[in-house]
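The structure is given below, and queries will be raised subsequently.
The values are calculated or read from the model by the stated rules, or taken from the named source; none is laboratory data. Everything quoted here is computed from the prediction, not taken from an experiment. Glycine also receives a Cβ, built like all others from the backbone with ideal geometry; neighbour counts cover every protein chain displayed. Calculation scope for accessible area: heavy atoms of the full protein, side chains included, ligands and nucleic acids excluded. Shrake-Rupley method; radii C 1.70, N 1.55, O 1.52, S 1.80 Å.
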Amino acid sequence: LSRSAYRILNHGRVWLESAPTQVRANGRSYSQEDGSLQLSTCERTNGTDEVLGAYNGTRWIWSTKDGLRFATEARNHMASAPIATFHQVFITGSENASTGDRRCDQKGMPWIGCDWFGAVSSFPSFRLPEEAPGRPALAWLQFYGEHLNDAHNEEHRGPRMGRWLRGAKVPEGLLSGPMGIFDDEAHTLVVSPLSNFMDFTIASDADSVAWGIMGGVESVPTGLTFSTIIQAGNGINRAFNEWGNTLMKAHGNSRKVASGERRVPLGGGGRVETHLGYETDNGAFYYYAPIEGEDMAQTLLDVKKSAEADGIPIGWVNLDSWRYFKGPGTTGGEGVPMAGGVKNWTTDPGQITNGDQGVRELSKSLGWDFMAHNRWWQNVTDYAHGNGGRFPFILESESKAFPGNGFALPISLSFWNYLFAYAKSLGIKLYNQDWLWTQYLGMEATTRTLRVADVWLEEMSTAAGLHGVSLQMCMTLPRHALGSIVGEAFTQIRTSDDYGSGERDGQWRIGRSNMLAASLGLAPYKDPFFTTSKNESHGKVVGPEPFPSLQVAISTLSTGPVAFADGIGYASTKLLNRTCDSDGKILRPDIPLVTLDRTYLEESFGDDAYPKQWPETESRAEIMATRTTVDELTWFQLLVADLAEESAIPSPPLTKKDVHLSLPSRNTSDVNTSGHISVHNIVDRDGEYKKTEFAFVPDEDYPLQIEAVALPGFQLLLLAPVIPGSSYSVLGELEKWVPISKDRIIDLELESKGEISLKIRGMPGEKVEFSFVEIISNGDTREFENFKISCSFQRGINAMTIRTSTKACS
């Protein structure tokens, strides 16, 4: 920090150097660079933030000849955590502040329409450097675009990436999001807004990147403060996780713990949060297409009857947009044209006989919990004062982004209280707010007025929490994920495009977008899937599904909802029952499946940096990992897919260190000095294990077994710790997608003479089979003795104990 500049050091080297501060008012830009923004005073600051801790800093007061006064402050919190914060304060406010740079492309990007570029204010701002000897080689990634994964980018999916050098095309505008800057050892800086999540923007050119207020804003009130955070961490995934912890703590949101696990609010989403479900959304067999001659209620009752006959336990169903009344127009499968927003959220009796009463009767007959979908609010909505309704709404007659459509936005807590009380009366446990980017980008109010969009999310979450309803976000931009921090009722987020069998074959690739969701304590939802490769074609759906077993495995490992969408007679009981216990409760890992740091490092710094890959080409290797910890011991799981060529196998070989350093730091249990047993499975399209191999992994640097396996096959690798003080390793339920899960295991104990006991839960009538390995040492060699122990849960019993000493369950 100096009189006119600031810089960021990481591991003793300069990573970022400041670029000029800028602010807009009176229809023009005032900049430190050209002298139109004059430095009035500069002073040292210090103090204590009640969340971020003690800091030392510098405050600059700026002014212009026509009376604008603007303050900036940079704070160093290093005494408490590797954090720097940057604060803008509009001392006099600003009018006519917009950049005026709205760019619309309804033909090329009809799902986005328009975006705003430039920033009303720029602080912090950093120069993009020239490549030079002695300067650290840095790369960046930014979460950008739709579904957190840039869903409509035909060249690359997941966060956008590049080298931190002059001329870099760092994405800007309203689709921009949190950004990581990292070196080839995965030392990382995460940069994002600390407040005003729905109002921020990134502005960039060939020379610099800046954070500030979005370019469409016309008026900034006196005293408004906008803050940005930079947090350092070791490891890309870990740095994002620690950054997420900081944001959650700063805003008093407790849905996530430091080690990455989620807390699900009690009384919230019911079995939608915990059990196997059934989907009727875009891509599902019965999406707007019930069985001929039936309404959707009878069709769902037929689904229940078929599932019960097949031994498939269903706990919930999504009542999608077919349930309620839309405004004029039609909606294509991809969401364009945009007409057809919500007019009235009550039940259309043309879809379910007797409307709302029919839904209540259906709830009793099914015995399932309901997820309920909602779109964007159309300006003809019956709820608005302006249309004779009971509640205040902002009504806009013509959308600049989506011409021919009028939008509305509720602006009172009373409306949301009304809506969620109504939802509860129908048996709805989870509310899916879809079309979020359409609602946000489609309105002048949300993109040009401060705090409107933030308050919209705050009021939605507050009311949902009061009524015990959980919230899922769908069709999100990265700013929506950030905006979810304001409320604990937000528990889930879609991290993929809509499901479409055969139509969107890469929709299962969610490891990259999961990183942002996991960092913010949101359970990633992959959307549903078909479970067979049969030609399931019906209504809007055209099959077949090319990767059924991969779809099911990815969904289970994501920690979000798990739901199938097959028509009657098509569902695979075998694949679905591998997700759950006999009651349908999903057996989950502790944290979402995420892409390993190695992937980002090799794509950024490898010999073939930023290679062409899926979807521009046909292939992209996906190497993802998760973990489960029981009694301070950690089991790791890897899923490897689309690694079709030997040349794509990581070199040097992937190690356990690569895995655990890519997951949130928990404790020393990640490094087990007794070693691990690896179980390597090659899984085919239909879920059969074509090859299973066991190996001992003695230490962190021992190479893991990874092979070239083309789609639709994939690889599952389990790393099970050898229990310290014993010769055993618990492999768990190897026929399940998640062999070791806290949803099954209650407790693990070391008994005398190195024997172990394992207390597990189950349902009456359920048979549970656990696999074990005993390591028998013979000089310098080791032999494995594999054995299984079965437990049969009788009536009235829901917990049993397995003992290796007796190789029995009681």
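Show the residue pairs that are 6+ apart or on different chains and have beta-carbon atoms under 7 Å apart, the first residue being within segment 639-655 and closer than 14 Å to Trp614 by Cα, the second being of a type in the set (Ser, Thr, Tyr) and open to solvent by 40 Å² or more (accessible area, probe 1.4 Å).
Cβ pairs passing all conditions: Asp642/Ser619; Ala644/Ser619.
Looking only at segment 768-789, count every residue that is of a type in the set (Ser, Thr, Tyr) and loosely packed, with under 12 Cβ neighbours inside 10 Å and tell me the total.
Residues that pass the stated criteria total 2.
Restricting attention to segment 657-670, which residues are modelled with pLDDT of 90 or more and part of a loop (DSSP other than H, G, I, E, B)?
Initially, segment 657-670 is screened for residues modelled with pLDDT of 90 or more, giving 657-664.
Result: Leu661, Ser662, Leu663, Pro664.
Could you check, for segment 54-71, whether at least one of its residues is among the β-branched types (Val, Ile, Thr), part of a strand (DSSP E or B) and touching a residue at least 24 places away in the same chain (Cβ under 8 Å)? Show your work before the answer.
Taking segment 54-71 and keeping what is among the β-branched types (Val, Ile, Thr), we get 58, 61, 64.
Now restrict to residues that are part of a strand (DSSP E or B): 58, 61.
Adding the requirement that they be touching a residue at least 24 places away in the same chain (Cβ under 8 Å) leaves 58, 61.
There is at least one residue in segment 54-71 that is among the β-branched types (Val, Ile, Thr), part of a strand (DSSP E or B) and touching a residue at least 24 places away in the same chain (Cβ under 8 Å).
Here's a follow-up. Test each condition in (1) in contact with a Ser or Thr (Cβ under 6 Å, 6 or more places away or on another chain); (2) in a loop (DSSP other than H, G, I, E, B); (3) surrounded by 24 or more Cβ atoms within 10 Å (Cβ to Cβ) for Gly543 and report the one that comes out false.
(3)
Can you tell me which of Ala571, Ala625, Ala641 is under 17 Å from Ile236 (Cα atoms) and in contact with a Phe, Trp or Tyr (Cβ under 9 Å, 6 or more places away or on another chain)? Steps first, please.
Working: Ala571 fails: under 17 Å from Ile236 (Cα atoms); Ala641 fails: under 17 Å from Ile236 (Cα atoms).
Every option except Ala625 fails the conditions.
May I pose another question? Go through (1) part of a loop (DSSP other than H, G, I, E, B); (2) modelled with pLDDT of 95 or more; (3) within 27 Å of Asp780 (Cα to Cα) and name the single condition Thr673 misses.
(2)
Of all the residues that make up segment 462-487, how many are open to solvent by 10 Å² or more (accessible area, probe 1.4 Å) and either in a helix (DSSP H, G or I) or among the acidic types (Asp, Glu) (or both)? Walk me through how you get there before you give the answer.
Here is the first cut: in segment 462-487, the ones open to solvent by 10 Å² or more (accessible area, probe 1.4 Å) are 462, 465-468, 475, 486.
Those still in the list that are either in a helix (DSSP H, G or I) or among the acidic types (Asp, Glu) (or both) too: 462, 465-466, 486.
Looking only at that region, the number is 4.
While we're on this one: With the requirement that a residue be β-branched (Val, Ile, Thr) and part of a strand (DSSP E or B), what does segment 692-727 give you?
Taking segment 692-727 first, the residues β-branched (Val, Ile, Thr) are 692, 697, 706, 709, 722-723.
Within segment 692-727, Thr692, Val697, Val709, Val722 qualify.
Matching residues to (1) of a type in the set (D, E, K, R); (2) open to solvent by less than 10 Å² (accessible area, probe 1.4 Å); (3) over 16 Å from Tyr610 (Cβ atoms):
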| residue | (1), (2), (3) |
| --- | --- |
| Glu146 | yes, yes, yes |
| His152 | no, no, yes |
| Arg157 | yes, no, no |
| Arg160 | yes, no, no |
| Gly167 | no, no, no |
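A follow-up question, please. Of the conditions (1) open to solvent by 10 Å² or more (accessible area, probe 1.4 Å); (2) over 18 Å from Met475 (Cα atoms), Leu141 satisfies every one except a single condition; which number is it?
Here Leu141 clears every test but (1).
Which one of Glu536, Glu618 is touching an Asp or Glu at 6+ places or on another chain (Cβ under 8 Å), modelled with pLDDT under 90 and part of a loop (DSSP other than H, G, I, E, B)?
Details: Glu618 fails: touching an Asp or Glu at 6+ places or on another chain (Cβ under 8 Å).
That would be Glu536, the only listed residue that is touching an Asp or Glu at 6+ places or on another chain (Cβ under 8 Å), modelled with pLDDT under 90 and part of a loop (DSSP other than H, G, I, E, B).
Suppose the filter is surrounded by fewer than 16 Cβ atoms within 10 Å (Cβ to Cβ), closer than 15 Å to Val640 by Cα and either at pLDDT 95 or above or not basic (Lys, Arg) (or both); does Glu749 pass it?
Details: surrounded by fewer than 16 Cβ atoms within 10 Å (Cβ to Cβ): yes; closer than 15 Å to Val640 by Cα: no; either at pLDDT 95 or above or not basic (Lys, Arg) (or both): yes.
The answer is no for Glu749.
Sticking with this structure for a sec: Condition first: farther than 29 Å from Leu165 by Cα, in contact (Cβ under 8 Å) with a residue 40 or more places away in the chain, within 35 Å of the chain's Cα centre (by Cα) and open to solvent by 40 Å² or more (accessible area, probe 1.4 Å). Can you find one or more residues in segment 77-99 that meet it?
Step one: list which residues in segment 77-99 are farther than 29 Å from Leu165 by Cα, which gives 79-80, 89-97.
The next check asks that each one be in contact (Cβ under 8 Å) with a residue 40 or more places away in the chain; those that pass are 89-97.
Subset that is within 35 Å of the chain's Cα centre (by Cα): 89-90, 97.
With the extra rule that they be open to solvent by 40 Å² or more (accessible area, probe 1.4 Å), the set shrinks to 89.
The answer is yes; a qualifying residue exists.
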